There are 2 protein chains.
Amino acid sequence: MKIFTLLLLFWGISAAAYSQNKPSDPDMIQKLVTDILVNGTAYDNLRQLCKQVGPRLTASPGMYAAEKWGAEKMQAMKADKVWLQECAVPHWVRGQKEVFRLVRGYNMGARKEFSILSLGNSFGTGAKGFTGEVIAIDDFADLEKKKEQVKGKIVFYNYRFRQDFVEPFRAYGDAGPYRTSGPARAAQYGAAAVVVRSVGSAPDNHPHTGATRYNDSFPKIPAVAIGNEDADRLSKFLRNGGHETFYLRNTCVMLPDTIGHNIIGEIKGSEFPDEIITIGGHLDSWDPAEGAHDDGAGVVQSMEVIRVFKALGYQPKRTIRVVLFANEENGLRGGAKYAGEAKAKGEKHIMALETDAGGFTPRGFSGTMNAAQLEKFKAWKTLLEPYGIHKMEAGGGGADIGPLNRLFNTPVIGLSPDAQRYFDVHHAATDVFESVNKRELHLGAGVIAALVYLVDQYGL
Amino acid sequence: MKIFTLLLLFWGISAAAYSQNKPSDPDMIQKLVTDILVNGTAYDNLRQLCKQVGPRLTASPGMYAAEKWGAEKMQAMKADKVWLQECAVPHWVRGQKEVFRLVRGYNMGARKEFSILSLGNSFGTGAKGFTGEVIAIDDFADLEKKKEQVKGKIVFYNYRFRQDFVEPFRAYGDAGPYRTSGPARAAQYGAAAVVVRSVGSAPDNHPHTGATRYNDSFPKIPAVAIGNEDADRLSKFLRNGGHETFYLRNTCVMLPDTIGHNIIGEIKGSEFPDEIITIGGHLDSWDPAEGAHDDGAGVVQSMEVIRVFKALGYQPKRTIRVVLFANEENGLRGGAKYAGEAKAKGEKHIMALETDAGGFTPRGFSGTMNAAQLEKFKAWKTLLEPYGIHKMEAGGGGADIGPLNRLFNTPVIGLSPDAQRYFDVHHAATDVFESVNKRELHLGAGVIAALVYLVDQYGL
């Protein structure tokens, strides 16, 4: 016991001596955030990614252009090492502009075209399209009630995004299943196709795409999202009671897997090079827009950590890896590959952080980790409060880093920005550079850099 | 002591009985916020105010159109009483589009025009304009050093908005004096005119106007704001060292005072009609844009309280007054009038709340009040936390309600939304309807309604 006390004392003295040569944590965090707010390049990098590279659907030319851009960018930032980690990725192609139109019925005087987008991974109707009736379904309970009536019809899921939920991610979790599993559930009862009310919060008519998941036991029927205003219009058409006939055409196809890459930039740790801290976002995006918030913001914020560490001459003790993950949106192959290779190589991952909730004002971090780690994590809140962080809580992570947690129990942390605007633009044509604010984006990068610094200094 | 205990007991019983007939505070607050998020009209009202009424500079036709619109709107919302409270207002007219241009010097090959806007209340150069040299001044200390050199010149205050301050209002407080008192201070040393770097955070070139205050002891010299990118350009021109000559023309004039109005809508209290709770924003705006965040947002959020109380059938105990204040931007005459008339009539004002910091996600309230009131106010935080309010603190209020506090010690409270985007658009051409997000605006209205409900129920 005495020896232990003595050791603690020595440790205390040496730590105190060391601390004379380095800035205090509050000072260092202020340096990091200030440098990013004043000299940060995340915003300009995002402009390049959005305007020069553009949409980055997995396996599209945009994805390959983004991979090249990301690797070159991290080389220019003087990462110690930059490499491409190959992985197989799905190759889904949207095809021609989708068509959904009223062709026969009571409302022929009204506008007949509806604004739609195929869901990611959807099968198509083929070039000839499909003509048939539409049946409106309020929710999954309603589907069960009407299961005898859906055969051969286009099922229209008319479930609304819950504006009354204060936390938009809760509303996304609530309405999301109509997009992700609704087509498979309708196929089970013989539906010919599915039209899903967009899972989006904006008072506009942009359809919100996103991946759907088929069930291999049932037919893979065409599935599209419809803009919210057009969903209202469609709903009224159907309430008028006639057996209107509609024409739907989408020509998307799923081709055989092809090759994509995680883009990885690394700063080697000086004291514990084997302890790896991963920070990342995903490089792929949906095709109708620029993927500015989802997840261009996360990509440029993650890369900013390399820039600011280099700019301030901060040499991390542990190894910092920035990973621009492949294929988050319609396959999660990049995240699986990264964790799989970590396992194969016997790597030690002490923390992984993902930023994939939009480039908005940061308000918190949430983490999945054990109780001791959580206590340490929460204790850092006071250091981050001056930068607007008021929540450090249990529960979060990120899709791409989930496999690390499952394989290694690696603590995983997600950035939680203010989410009120996120589902206005999420997966829609409005997710463009102009919807991102420079100060909000940079403040997010700042708190990420601060948290990575703390984990680097003290472990987790 | 026993009687007191007994009384408390009876009070407890009757309160319990009463509470069976009314929703609990958490339930009532949820009803208020939910109704606003789902059925709120603030966003549509803001669209009308921005797009149908438009800019609302004090004494301009837009101001009078806005007064009419506001009164009609609150009548349509079934306020018990709506009236116009007349007050004298300044009558400043911008005149022709301002011109600032290089006319002689080393950079004649470059773009010669600079983007400027006269400051509010500024005097003009007259139609012929002014031609002279520009002297760059870093800050007020620099002005003192160079005070012998400014005579007859155009003083260019090149003080930057501090992007390193996490709280943008702090940066506004820091740079704002160059706009508000910089012209008067330069005039003291004989400057001919002043060009101020815009007090704005956006990486763009829109000049940000705003009021300046002359000192009657010195000449009232022309004063304009220059866009931030053009301020960089001007700064480079001057560093090149030559004695470049510039031409400045602004034709604004201050006319004699005219008549404006506070627009007031009231719901009479059922139990304590003499206890008045005021909620407000200001109806006037700067002229280059639509005044969407400043302060259309506050106007429509305040009116929303009437709508939601009526929609839910909530009859306040105390009198609720929504005041759309006149002339906040360049005179504060509306706020002074409202307090003055309250004093003349012997009114009892128990709380005043202002929303004039933009229609962004609400994060807190801050209030100026005595210690007992502050304790009560802070205790409500737990009720508002589910709606994103994490700060209830001392110190705030609002320009229009300041006179109430000074005259009556009325507790004054300001809504504190997330401010990262505010000074991007504040007083600039970019403060338009499209820069406001519906959910953010409505959530702000929701927490205001919730706080007003609490003050109505329990006093302060």
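The values are calculated or read from the model by the stated rules, or taken from the named source; none is laboratory data. Nothing here was measured: the structure is a model prediction, and the numbers come from that model. Backbone-built Cβ (ideal geometry, glycine too); neighbour counts: all protein chains shown. Surface areas here come from the heavy atoms of the whole protein model, side chains and all, with no ligands, DNA or RNA. Shrake-Rupley method; radii C 1.70, N 1.55, O 1.52, S 1.80 Å.
For residue A:48 and residue A:139, the difference between the fully extended length at 0.36 nm per residue and the C-alpha to C-alpha distance is 28.6 nm. Its DSSP H runs of at least 4 residues, each contributing -39,500 (n - 2.57), put the calculated 222 nm mean residue ellipticity of chain B at -11000 deg cm²/dmol, to the nearest 500.
Since chains A and B are linked by a rotation, which residue in A has the beta carbon closest to its axis, and how far is it in Å? Result for the A and B rotation: A:390, 2. Of the residues in segment B:142-176, those shielded by at least 40 Å² of accessible area once partner protein chains are present, compared with the chain alone at a 1.4 Å probe, are B:163, B:164, B:166. Take every Cα pair under 8 Å whose residues are at least 6 apart in sequence, average their separation, divide by the length of segment B:331-431, and the relative contact order is 41 percent.
A Förster distance of 25 Å, applied to the separation of the beta-carbon atoms of residue B:88 and residue B:406, puts the FRET efficiency at 0.80. FRET efficiency for the residue B:181 to residue A:111 pair, using the beta carbon distance and R₀ = 56 Å, is estimated at 0.50. With a Förster radius of 41 Å applied to the beta-carbon distance between residue B:72 and residue A:174, the computed FRET efficiency rounds to 0.60. Equivalent ellipsoid of chain A: semi-axes from √(5λ) of the C-alpha gyration tensor, largest first, are 46, 21, 20 Å. Counting Cβ atoms of other protein chains within 10 Å of each Cβ in B:359-371 and taking the mean gives 1.
What separates the residue A:216 label point from its copies, with the point 7 Å along Cα to Cβ, is 8.7 nm, written shortest first. Take residue B:312, push a point 7 Å out from Cα through the beta-carbon direction, and compare it with the same point in every other copy: 4.5 nm, smallest first. Within segment A:230-272, the trypsin sites (Lys or Arg not before Pro) that combine a DSSP coil assignment with at most 16 other C-beta atoms in a 10 angstrom radius are A:268.
Considering only protein heavy atoms and a 1.4 Å probe, what is the carbon-and-sulfur percentage of the accessible area of segment A:232-311? Percent of accessible area from carbon and sulfur atoms in segment A:232-311: 52. Shortest first, residue B:24 label-point distances to identical copies amount to 4.3 nm, with the label point at 7 Å from Cα along Cα→Cβ. Once C-alpha pairs closer than 8 Å and six or more residues apart are averaged by separation and normalised to the residue number of chain A, the relative contact order reads 21 percent.
The modelled label-to-label distance between residue A:458 and residue B:370, using points 7 Å beyond Cα along the C-beta direction, is 4.3 nm.
Compute the signed sum of charges (Lys and Arg +1, Asp and Glu -1) over the other residues within less than 9 Å, Cβ to Cβ, of residue A:192. So the environment of residue A:192 carries a net charge of +2.
Approximating the spin labels as points 7 Å out from Cα along Cα→Cβ, the residue A:216-to-residue A:348 distance works out to 3.9 nm. For segment B:93-152, GluC sites (Glu not before Pro) are listed when DSSP marks them as loop and at most 16 other Cβ atoms sit within 10 Å of their Cβ; the list is B:148. Rolling a 1.4 Å probe over the protein chains gives residue A:238 an accessible area of about 30 Å². When the pairs B:147/B:220; A:146/A:236; A:145/B:22; A:378/B:438; A:68/A:337; A:112/B:31 are compared against a 28 Å limit on Cα-Cα distance, A:145/B:22; A:378/B:438; A:112/B:31 fall above it. Net charge in the neighbourhood of residue A:50 (other residues with Cβ under 15 Å of its Cβ; Lys, Arg +1, Asp, Glu -1) is -3.
Highest mean packing comes first when the peptides A:51-59, B:180-188 are listed by Cβ atoms within 10 Å, giving B:180-188, A:51-59. Take the accessible area of chain A alone and of chain B alone, subtract that of the pair, and you get about 2300 Å² summed over both chains, using a 1.4 Å probe. Counted by Cβ distance under 14 Å from residue B:132, the other residues give a net charge of +4, where Lys and Arg count +1 and Asp and Glu count -1. With the simple model of a label 7 Å out from the Cα in the direction of the Cβ, residue B:65 to residue B:147 spans 4.7 nm.
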